[in-house]
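The values are calculated or read from the model by the stated rules, or taken from the named source; none is laboratory data. Note that the coordinates shown come from a computational prediction; the quantities given were computed from them, not determined experimentally. Every residue, glycine as well, gets a Cβ built from its backbone with ideal geometry; the counts of neighbours run over all protein chains shown.
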Amino acid sequence: MTNHYIDLKNSDVILIMGSNAAEHHPIAFKWILRAKEQNGARLIHVDPRYTRTSARCDYHVPLRSGTDIAFLGGMINYILENNKYFKDYVLNYTNASFIVGKDFYFKDGLFSGYNPAKRKYSKDTWVLEKDGRGIPKRDMTLSNPRCVFQMLKKHFSRYTLDKVSSITGVSKEDLTKVYAEYSATGVKDKAGTECYALGWTHHTTGSQIIRTMAIIQLLLGNMGIAGGGVNALRGEPNVQGSTDHCILYGNLPGYLKMPVASLDTLEKYLKKCTPVSNDPQSANYYQNYPKFFVSFLKSMFGDKATKENGFGYSWLPKMDDGAAYSLMHLFEKMYEGRVKGLFAVGTDPAVSSPNTAKVRKALEKLDWLVGENIFDNETYCFWKGPGVDPKQVKTEVFLLPASASMEKEGSQSNSGRWVQWKYKAADAPGDAIPVGEITIKIMQAVKELYAKEGGVQPAPILNLKWDYTDAKGRFDVLKVSKQINGHFLKDTVIEDKDKKTRTEFKKGQLVPTFGMLHADGSTSGGNWIMAGSFSATGENKMTRRGKDDPTGLGLYPNWSYAWPVNRRIIYNRASCDIHGKPYNPKRKLLEWTGDKWVGDVPDGPWPPMADRAKGKYPFIMKQDGLGALFGPGMTEGPFPEHYEPLEGPLAKNPLSSQLINPAVEIFKNDMNKVASADEKFPYVCTTYSCTEHWCSGALTRWQLWLLEMQPELYVEIGDKLAQEKGIRNGEKVKVQSARGEVECVAMVTKRFRPFTIEGKTVHQVGLPFNYGWLFPKDGGDSTNFLTPTVGDANTFCPEYKAFMVNVKKA
Amino acid sequence: MKAEIVKLIDTTKCTACRGCQVACKQWNEMPAMRTRNRGSYQNPPDLQWNTWTLIRFQEYVDDKGAFKWLFRKDGCMHCTDAACVKVCPSGALHYSEYGTVGLKSSLCIGCKECASACPFDVPKYSHADDKIFKCDLCLSRIRTNQSPACVKSCPTGALTIGPKDKMLKKAYARAKELGGDANVYGDKFVGGTHVIYVLSEKPEVYEELPKNPAVPASIVLWKDILKPFSLLVAGGTIAGAFLHYITHGPKLPDENGHDAEGKGE
Amino acid sequence: MEITRRGFLTMSGAIGSGIALSSLGINLKPTRAYADELNKANKIKSAKQVSTVCCYCSVGCGLICSVDKMTGKIFNIEGDADHPINEGSLCAKGAGFFDLTEANKYRLKKVQYRAPMSDKWEEKDWDWAVNRIARLVKDTRDKGFVMQNSKGELVNRCESIGHLGSSNVDNEECWLMSVKARALGLVYIDHQARV
Amino acid sequence: MSRISEIENAINDIIERRPHSKDAVTAFKPVLLEKTRWKEKLEPVSPVTDVEQLKKGIPVIRQTKLFLPGDPWQEIILSLSSAAGDGFPEFRKDFDTIKSSIRKSPLPVHDFLGKFPESDEEFISEWSRKMGIRPDALSFVLFTAIRTVLEKRGEEYRDHIKAADWDEGYCPVCGSFPSLAIIQEKTGRRKLNCSNCAFEWDFSRVDCPYCGDHAPEGMDFFFIDGNQQESAYVCHKCKRYIITLNQVSDLTPQDREASSISLAHMDMIMQDKGFAPMAFCAWNVF
């Protein structure tokens, strides 16, 4: 999240879209309700289905799954047409005034540079015009037709109320009501925020939905202020931490880019990854990229990483340029029999991955599978699943018992970036040990095998620093935590010319902030954003329990540690005008007192941007320091555009002739069937979780009091559709998609209502995805038998939220 | 007699997270049963011997056509004038010192009288134990100055408990603040209940919630009129016999033939 | 008994320091008897408080576990009142957090192994399992290792092993898995953040 | 139901639940009830404090005069003496003597307060000699009178202190240490109850009120199996304990002092284990 959970209380309007906060983030919803109690905040819930969140919000607006960009695009159009945007903020803090390169264009759903064969864009026309000194040209009057502001206005002028209503199924009155109420926060003293979750990420256009909201927040001046920002209410306890440490194919810990094959030397890699900005007022903080990357290599290979061998750069695996290795790609390759071994740690892909039938077929082709978890689940028992003959499955399966979270010490990051330390309350039952301990044991054994027998390319394995055990040979969590924070590898003196300070650090001492990491190999840093979680004297800031809150905004600066450098709200310099005076004195997040910032930890020490000599723009991580209305970083275009889901009810996209997201990868094999606008599968379907269960249910289905309240799989069907099909409430039904079928109980409800889409009535149904065949016995199997293998163009996050099904009596 | 305790259920703050259902079973160590999905979030479907509190889900469209999803926490209302206590022959159901209705399971003989008498259909019979069970407002917890398990677990403040007058004042203030059809339910019948609701809709809208519950007429007739009258009569008989003894000495057996049948009560 | 005073203390203990109940003629024998009875019946339990964080959604609510120091077992888990996010309250799943401890009989306790073509689990010990896994990892990596890609660029990739999980483990464990996977040359690395 | 009968109910309830403390609680009952009556009679006074000083940990008593010229010490001591007489028959004679002698010449309470704490024993021994009674009796009545007035004054400062987020282990009103902690059952929040003026303030569950030690894993505690409410939290650094009513709600009105007296057995158990109380009171000195 750009902000954090408690900050929700500071909002005046909270749009909950793509989330069901009351059911899945009840304590976050408590802060949302507190905003209503304390400052009369308006709570708006936009969701295909009426849920408990809708019951407690001011009003609920149903929309068809997969049309979020159309809905939000209409709001951008409304904001620009009615001049609701925050002029001072947009002019100074976004790239609205930049001039788009002359070769860039958008026509009939496609941006310039599209290669239909490869379904990829080449981005060389998505550039901004620069002056002689290499600094982007700017038209501060925002009148030049080629300036980003006017291009944005032209692009979204197509999202008229009629068009958006016809795509989303939302009445024009409801659209205007939401647009008017939310855009009212485009003023100095009002804050609007948005809460989203999987409702937005589970789409082929997921990243662009979130970007559309980011554009809205920039236009209304809601980014970087208390009670503003775009807040992801994420589902897993340490999804933030696991994303920060990047157990993800595309990144190394600290969101460093994974090297690709064409960058065969460290110099080439660093040159490609280190952005350059000639604008003196752009902090362009990623110019320090080499410090972070080299420090990471030193933390991985220790003293084996030397200047001569490029700090071990060659040992790292390289991805093929443009290739992707996400979960869906893994199961494609596994299904083709090219993956022999799998580690499945604390996860249940046999229920939670899309297209379950293909996933379970793929698992059968493994030679071995190592599972580490606290309960058994469908993945580890795939060999005795429904329709599987164990005698035909050759896979060796290991199920290693792991400690649960209260049975081990360590840190966990909530999605407000608070890294909190947990203590060990009790020993795990039986032989269970922490996953960290299992990882150390297995890698240690592999290292010993390679040391004894040699093997293919043993260097990275042998040179890996792996001494994270205590005297008794057990996993030492503090050693790892400090390695993540980073150390000085030799006596170092740090001088600060402005503050005229000179501090000395001894070899082996902890690095107090990532500003002090070096690119010459004299420092190690397992994850640069976590540098500073320990003080130079070794105090573990993650254990802090300070209750003071001087700003009164609920920042709690001395409670645990928030990366980066304990900053609680990101881009908080944007909460002040260019002279550093807070836009909203009533909610003062930050203020420039002439020589320093007071309040939250500022986004960098530099003075406000009005100081032409030393001042910096607020968005310090961006190359040009300003919020990106024009965002060339995205795969499918610098401006968001509505495309229909891979499998939708319409044969033609009402806005352009591009039916689906042109940059989405299509997986072709016999089990990846798709049936769009097909009368065999006439109803839009979405999936979600329920309050009593959590994610795949692999933890909660084993708890009988929770199971008693939600015992088995059900499908929620609108009462109009149920009448049409003669389905009675509580009756067993079959839900079928082009890929598979599930049997479940019909829940006839008024909370799903038919939509009128392009003049046609379209029904929508929905199922939870928390059930699996292993337990309870007849509680229903994975809903993902229905879902397609397709993912977001940027992140490959699967499209669980919109596909087509049929429903019939069992 | 201590200060009367009242539990307030503010249905307008409830998000049906059902933490109270789990907390009740955890504290009273009641086993979970294997349930089916009958087409509703509401599960188990009704109060039962091992389910003393239950969130009822109800989809409702008001007269102006607005859709609402109503959640109501069902369970014993702890009436001041309790039909179940009136009919309970063994004293298992009794008034506690806080005015609530306590239940001593050991004394229960499983006669199920209370189950048919209760205007709210709360007491539930268990075949295995041959006893009835119902919420006793965690009498054991209240006596050690703890709030009931459900109140402790409620994350949204929908459930609160305290002295009767304070909670009534709070309920009426909340109803006024909500406006519209919001009303307070429970203090107007059966002598006032020790569990009161703040409802967003009129009472008759809610399923399984009687419009004006009362102790069944038959019980009133039997328990409040006939029984005292019969005691009076019995008293009179004994007084008469005693008077006779004093004035006429002991009654000789053959004085009048119909002694053998004895008097019906 | 010496009273150490600290900082701004101006008033010593209440109701007169140095006055004992017994000196006021109060019979303390029943209290003493009760105390001794509790000791004899081993009713005095010693326990510790341990603060932890909930393992369900990402709000990061604080919890306090009360642990019996004799048996080492957790006997109560409640919301952490000092935690600024949840202020002591918990949602339905958080309140049921106790059911994830070893009080839940379905918790995995033993290393289990399924041999090829077998239809049941067998119990094994850690050493056997770790060595067997290490053997499989090495053989699979060596057999399927890709030094150069089709264009002849050095890639050091092991495409025949995948790594899934997890966002339900601690940061330190995530970093170890991330670094281990890269040292082995794995590229198929993902977890729940993707889904 | 009046405040007095509520408190009486609470005290009777405690005697019923903890029969082993019957003698001690019954002895104090008249004094506790008399104190409650006085707290209703004494007229409130408007609080005068500086939030900044409170934030720095300076208690109210160091900022302003808590005792006022108009305080009716004479009447308070007279009524407390007779109440004490009812409670402690062995000392009835002494308490009656106090009543008769101060009727002749009132006790100069203000001098006593001025000399406190340096020469409190001197004042007590001098005046108990003059009255020919045991010093314990005079000390008991005098401190109970002071506590009565302090308890009343403390109630006015409640909101002021809440605003200052007081996070010290000693009392924000009178600077004494707590003799009882209450862990609220709903939120798990810990409140400390002052041994000297019964003021209650929020305090972290993890730190030690006495020595401020921030044990990362929180304070250990002892409890009675089957009756987890009766517990005592201990600090291994300063070897102090604080009796704690664990997991209680304020459902029915309570008298904290009566509860403390009724938990004297916990004091005995903890002192046997080598811990010392954070504050010395009549009922925890054996």
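For D:F67, the conditions (1) within 11 Å of another protein chain (Cβ to nearest Cβ); (2) aromatic (F, W, Y); (3) surrounded by fewer than 21 Cβ atoms within 10 Å (Cβ to Cβ) are fulfilled apart from (1). When you look at A:K333, is it surrounded by 21 or more Cβ atoms within 10 Å (Cβ to Cβ) and either at positive phi or in a helix (DSSP H, G or I) (or both), yes or no? Judged against the criteria, A:K333 is not a match. Restricted to the stretch A:507-526, and to residues there that are in contact with a strand residue (DSSP E or B) (Cβ under 7 Å, 6 or more places away or on another chain) and in a loop (DSSP other than H, G, I, E, B), the residue that is surrounded by the most Cβ atoms within 10 Å (Cβ to Cβ) is A:V511. Put simply, of A:A428, A:A445, A:A402 the only residue that is within 7 Å of chain C (Cβ to nearest Cβ), farther than 28 Å from A:N558 by Cβ and not β-branched (V, I, T) is A:A445. Scanning the stretch A:236-290 for residues being in contact with a Gly (Cβ under 8 Å, 6 or more places away or on another chain), among the charged types (D, E, K, R) and crowded, with 17+ Cβ neighbours inside 10 Å gives a total of 2. Screening C:S58, C:S66, C:S46 for residues that are assigned to a loop (DSSP other than H, G, I, E, B) and either farther than 22 Å from A:P26 by Cβ or at the interface with chain A (Cβ under 7 Å from one of its Cβ atoms) (or both) leaves exactly one candidate, C:S58. Restricting attention to the stretch A:642-663, the residues that are part of a loop (DSSP other than H, G, I, E, B), touching a strand residue (DSSP E or B) at 6+ places or on another chain (Cβ under 8 Å) and in contact (Cβ under 8 Å) with a residue 60 or more places away in the chain total 12. The residue that is farthest from the other protein chains (Cβ to nearest Cβ), counting only those in the stretch D:229-286 that are charged (D, E, K, R) and more than 21 Å from D:E16 (Cα to Cα), is D:K237.
Applying the condition of being more than 7 Å from every other protein chain (Cβ to nearest Cβ) and over 21 Å from A:S353 (Cα atoms) to the stretch A:382-399 and asking which residue is surrounded by the most Cβ atoms within 10 Å (Cβ to Cβ) yields A:D389.
Listed here are the residues, each with its yes/no results for (1) within 14 Å of chain C (Cβ to nearest Cβ); (2) over 20 Å from the mean Cα position of the chain (by Cα).
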{"position": "D:A10", "(1), (2)": "no, no"}
{"position": "D:T36", "(1), (2)": "no, no"}
{"position": "D:V51", "(1), (2)": "no, yes"}
{"position": "D:G87", "(1), (2)": "yes, no"}
{"position": "D:F95", "(1), (2)": "yes, yes"}
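The listed residues are C:I85, C:I26, C:I77, C:I19, and the only one of them that is at the interface with chain A (Cβ under 9 Å from one of its Cβ atoms), on the phi < 0 side of the Ramachandran plot and at pLDDT below 90 turns out to be C:I77. When the residues of the stretch A:282-314 are filtered to those that are assigned to a loop (DSSP other than H, G, I, E, B) and not β-branched (V, I, T), the one that is farthest from A:H518 (Cα to Cα) is A:S282. I'd like the full set of residues that are without any contact (Cβ under 8 Å) to a residue 40 or more places away in the chain, buried (at least 24 other Cβ atoms within 10 Å of the Cβ) and not in a strand (DSSP E or B), limited to the stretch C:140-174. Passing the criteria: C:G165, C:S166, C:S167, C:V169, C:D170, C:N171, C:E172, C:E173, C:C174.
The number of residues in the stretch D:125-137 being out of contact with any Phe, Trp or Tyr (no Cβ under 6 Å at 6 or more places or on another chain) and either touching a residue at least 40 places away in the same chain (Cβ under 8 Å) or outside any helix (DSSP H, G or I) (or both) comes to 4. Within the stretch C:69-91, being more than 18 Å from D:Q184 (Cβ to Cβ) and part of a strand (DSSP E or B) holds for C:I74, C:F75. Yes or no: the stretch A:315-327 includes at least one residue that is assigned to a loop (DSSP other than H, G, I, E, B), in contact with a helix residue (DSSP H, G or I) (Cβ under 9 Å, 6 or more places away or on another chain) and hydrophobic (A, V, I, L, M, F, W, C). Looking for residues that are assigned to a loop (DSSP other than H, G, I, E, B), in contact with a helix residue (DSSP H, G or I) (Cβ under 9 Å, 6 or more places away or on another chain) and hydrophobic (A, V, I, L, M, F, W, C), one finds at least one in the stretch A:315-327, hence yes.
Within the stretch B:47-57, identify whether any single residue is closer than 13 Å to B:C135 by Cα and at the interface with chain A (Cβ under 9 Å from one of its Cβ atoms), and answer yes or no. Scanning the stretch B:47-57 turns up at least one residue that is closer than 13 Å to B:C135 by Cα and at the interface with chain A (Cβ under 9 Å from one of its Cβ atoms). Looking at the stretch A:1-110, the strands (runs of 3 or more DSSP E) lying wholly inside it that each contain 1 or more residues that are closer than 30 Å to A:N653 by Cβ and within 24 Å of the chain's Cα centre (by Cα) sit at A:13-17, A:42-46. Only one of the listed residues (A:A214, A:A191, A:A184, A:A226) is in contact with a Leu (Cβ under 7 Å, 6 or more places away or on another chain), among the hydrophobic types (A, V, I, L, M, F, W, C), in contact (Cβ under 8 Å) with a residue 12 or more places away in the chain and closer than 30 Å to A:R568 by Cβ. That residue is A:A226. Taken over the stretch A:744-761, the criterion of being surrounded by fewer than 17 Cβ atoms within 10 Å (Cβ to Cβ), part of a strand (DSSP E or B) and either in the same structural domain as A:K172 (by TED's automatic domain parsing) or over 32 Å from the mean Cα position of the chain (by Cα) (or both) is satisfied by A:K760, A:T761.
Take the conditions (1) closer than 18 Å to C:P116 by Cα; (2) out of contact with any helix residue (DSSP H, G or I) (no Cβ under 9 Å at 6 or more places or on another chain); (3) touching a residue at least 60 places away in the same chain (Cβ under 8 Å); A:G371 misses just one of them, which is (3). Among all residues of the stretch D:208-220, there is none that is in a strand (DSSP E or B), in contact (Cβ under 8 Å) with a residue 24 or more places away in the chain, at negative phi and touching a strand residue (DSSP E or B) at 6+ places or on another chain (Cβ under 7 Å). Within 14 Å of chain C (Cβ to nearest Cβ) and part of a helix (DSSP H, G or I) - does that describe any residue in the stretch A:216-234? So far as the stretch A:216-234 goes, no, none of its residues is within 14 Å of chain C (Cβ to nearest Cβ) and part of a helix (DSSP H, G or I).
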